[in-house]
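To start, the structure under review is shown below, and the notes come after it.
The values are calculated or read from the model by the stated rules, or taken from the named source; none is laboratory data. Keep in mind that this is a model prediction, so the values were computed, not measured. Note that we place each Cβ from the backbone using ideal geometry, even for glycine, and neighbour counts take in every protein chain shown. All accessible areas refer to the heavy atoms of the entire protein, side chains included, with ligands and DNA or RNA removed. Shrake-Rupley method; radii C 1.70, N 1.55, O 1.52, S 1.80 Å.
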Amino acid sequence: MADGAQVAYEVDRDGRLTWRGPVAALLGAAPAPATLAGWLDLVHPDDRARAADALAARGAAANRVCYRVLGLDGDVVEVIDAGAPAPGEARVAVLLELSGLLAAGREAERARGRLHDTERRAALGHFELELATGELRASDGVYRLLGDDPRGPTLTFAGLGRRLSEGSWQALREALAACAAGTAGELELAVSLAAARGGARELELRGERVARGPGGAVVVGTVRDVTALRRTAEALRRLETTHQRVVAALPLVVWSVGLDRRVTAVMGGRLRELGIEAATLVGLRVEDIPGSSPDVGERVTRALAGIELEETTAFRDRIARVHWFPEYGPDGTVCGATGFALDLTAHVQAERARQAADEHLRLIAKNVTTVVWVASPALDHIYYLSPSFERVFGRPVAALQAEPARWGELIHPDDRGRVLAAAAACPWMQDQRHRIVWPDGTVRWVAVTVRPVHDERGEVSRAVGTAEDVTSMQAALDELQRTTAELKRSLDEKSTLLREVHHRVRNNLQVIQSLLTLQLRAVADPAMRRVLGDSQRRVQAMALVQDHLYDGRDLRRVALGAYLRRLLQALAVAHGDGAGRVTLRLDVCEAVTDVDTAVHVGIAVAELVSNAFEHAFPDERGGAISVRTVVRDHRLVIDVEDDGVGLPPGFTLEGASSLGLTLVQTTVLNADGALRIEPCGGACFRIEVPLRRG
């Protein structure tokens, strides 16, 4: 029976069947059953109960049921039984054969499932859009691309617009407007949206305008998720940019050559230094490139024959390491060649400079007398030992390098313990001078310096040391020490002798003072007593200098402040009557001067102070005498001032006739100094002499 064929029948209240069509065609060659029970025997066992219930309701309302019938040849025929009640509790029905239609529907459903699976795996969906009404029909794949549930609310064109970015929505409407106007027959657009679940996505819409009836058209197309593709493309673009930057930063030149040996591409970080424009090389045969080596054509030919090769060659003024290798196409045949040229110019120049520096260092190490060595921090392994070791230590370099731990045997036995103790405490930080013994017994002096070398972690990785022969220097030092000791002994002897001389001079001056004192007591004449007193004070000024020299450690210099204080105290005692009504004020600096200057200054100050005591305060008058000293520009300035009656009118030093002032002027001149009178309320004399420290 063909798909969709119909057979009518009628069943009465007693279950008898009356067929009104070719039922034999439905059941094959089997005779048509005459009763309802016989018909139900032909129904598939799984559907029999359901069919019996429907067919037994003869007096009820119209109904229909779908069930399967078993044919004579074993085929299963699917039918739909649609019946209605007839008079006399009968039932009139029509059988419609559906096997082919149902099989086609199931196949269509399976195809639809396969389509959905394909859409899901390919991140793809399809849609139809009515251009006139904006009605959108979308597949489950479109919902999934949007992150929606296909069983949820129906997607509308306006709802899709709310999901798109503003720019994408505007571009989609413009493209659809062009399709609706007929100016565009195809739709191809990339849009971006924020999915309901997940991050922002990039979708690609491709469609075609299809006419549907008069005045109507739809766009039928597909939607594809290109987010990963776009991200991959962007990553590839960044990777390509990074690759180009890396290649440009490296000292490389990379080029590709076709089978015709013409350059197809050039890139690299040394093109500008070589004065090459990449565009000028593309299309040239490799042997025509300016500055290339004469045999470059042969190299490329071998690479195109599938042979990899490497060579060092010159290009213009540069030196490069070139690596050629063949390129293979999809079919496995050679389709070209690629060359990498690594610029070795700086490396070669640095290597030549290093070799030259090594040669210079070798010559220096060979000719310098200082031994240079590099060893482990514990000094148990020697990495380098300069050739001068043999000249300084009298042994071959190989001997110590073979047994570095025996370096202590080179040291003199008397110095060995001290040197080894210092090396054990800190082997890589030493400054020592000691003796060594040559194999023939010769003793030499060496000065050894050791310093650490730190690695990147700050730890000591090497010890660098020098050893210099200082035998002659040590001999000169020993001689200098002997000479110094002899000079010291001689100086001590002379100092003792000079101290004895000062002692005798002091004793002699004390004897003179004693004689003058005895003479002063025996003389009654006031004028003679004044002369003897003046002489006594002058001798006392000189004697005090000898006292300071004898009592102090320095026999060449006098502390001027202490000397003047003792001198003025002695003058105050000598002028006892006047000292009671005259105040003596001292403001002296702690200058140090030689013996001659101290004697001259002492005599001059003693004379001026004595004159002030005797002449500045007549008639029992009181007052003050001031002595001030200061050092200015390496000169000693001494002011002797009183507030007495002052000097006579018209008084000048040139016109002075007294012995005291004459003695003052003479002593000051003998000290290469100067004497002058300064204006003040009484009398003020200023002495300036060079400050000689002896």
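A compact table of results
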read-out: Every pair of residues 6+ apart whose Cβ atoms lie under 7 Å, when the first sits in the range 681-694 and is at positive phi while the second is assigned to a loop (DSSP other than H, G, I, E, B) and modelled with pLDDT under 90; value: Gly694/Arg556
read-out: Flag for Ala103 being open to solvent by 40 Å² or more (accessible area, probe 1.4 Å), at pLDDT below 65 and in a helix (DSSP H, G or I); value: yes
read-out: Near pairs, Cβ below 7 angstrom, 6+ apart or cross-chain, from the range 432-443 (without any contact (Cβ under 8 Å) to a residue 60 or more places away in the chain and within 12 Å of Ala467 (Cβ to Cβ)) to any residue that is open to solvent by less than 50 Å² (accessible area, probe 1.4 Å) and among the hydroxyl-bearing types (Ser, Thr, Tyr); value: none
read-out: Of the criteria (1) open to solvent by less than 10 Å² (accessible area, probe 1.4 Å); (2) farther than 16 Å from Gly681 by Cα; (3) assigned to a strand (DSSP E or B), which one Val609 fails; value: (3)
read-out: Residue ranges of helices (runs of 4 or more DSSP H) in the range 124-232 with at least 1 members polar (S, T, N, Q), open to solvent by 50 Å² or more (accessible area, probe 1.4 Å) and touching a Cys at 6+ places or on another chain (Cβ under 7 Å); value: none
read-out: When residues of the range 553-574 are limited to those that are outside any helix (DSSP H, G or I) and open to solvent by 30 Å² or more (accessible area, probe 1.4 Å), the one modelled with the highest pLDDT; value: Ala559
read-out: When residues of the range 296-333 are limited to those that are closer than 20 Å to Thr345 by Cβ and of a type in the set (Asp, Glu), the one least open to solvent (accessible area, probe 1.4 Å); value: Glu311
read-out: 2 or more residues charged (D, E, K, R) and surrounded by 11 or more Cβ atoms within 10 Å (Cβ to Cβ): qualifying helices (runs of 4 or more DSSP H) within the range 369-475; value: 389-393, 413-425
read-out: All positions within the range 623-652 that are part of a loop (DSSP other than H, G, I, E, B) and open to solvent by less than 20 Å² (accessible area, probe 1.4 Å); value: Gly644
read-out: Selection count, the range 575-606, where residues are modelled with pLDDT of 85 or more, open to solvent by 30 Å² or more (accessible area, probe 1.4 Å) and either part of a strand (DSSP E or B) or more than 17 Å from Asp639 (Cα to Cα) (or both); value: 6
read-out: Any hit, the range 657-668, residues being assigned to a loop (DSSP other than H, G, I, E, B), over 60 Å from the mean Cα position of the chain (by Cα) and either hydroxyl-bearing (Ser, Thr, Tyr) or modelled with pLDDT of 90 or more (or both); value: yes
read-out: Residues that are modelled with pLDDT of 90 or more and surrounded by 14 or more Cβ atoms within 10 Å (Cβ to Cβ), drawn from the range 673-682; value: Gly673, Leu675
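For every residue, the table says whether it meets (1) over 28 Å from Leu363 (Cβ atoms); (2) in contact with a helix residue (DSSP H, G or I) (Cβ under 8 Å, 6 or more places away or on another chain).
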| residue | (1), (2) |
| --- | --- |
| Ala405 | yes, no |
| Ile411 | yes, yes |
| Asp415 | yes, no |
| Met429 | yes, no |
| Thr442 | no, no |
| Trp445 | no, yes |
| Pro452 | no, no |
| Arg457 | yes, no |
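One line per residue, one yes/no per condition, for (1) among the aromatic types (Phe, Trp, Tyr); (2) under 30 Å from Thr449 (Cβ atoms); (3) within 32 Å of the chain's Cα centre (by Cα); (4) open to solvent by less than 90 Å² (accessible area, probe 1.4 Å):
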{"position": "Leu342", "(1), (2), (3), (4)": "no, no, yes, yes"}
{"position": "Ala353", "(1), (2), (3), (4)": "no, yes, yes, yes"}
{"position": "His360", "(1), (2), (3), (4)": "no, yes, no, no"}
{"position": "Leu363", "(1), (2), (3), (4)": "no, yes, no, yes"}
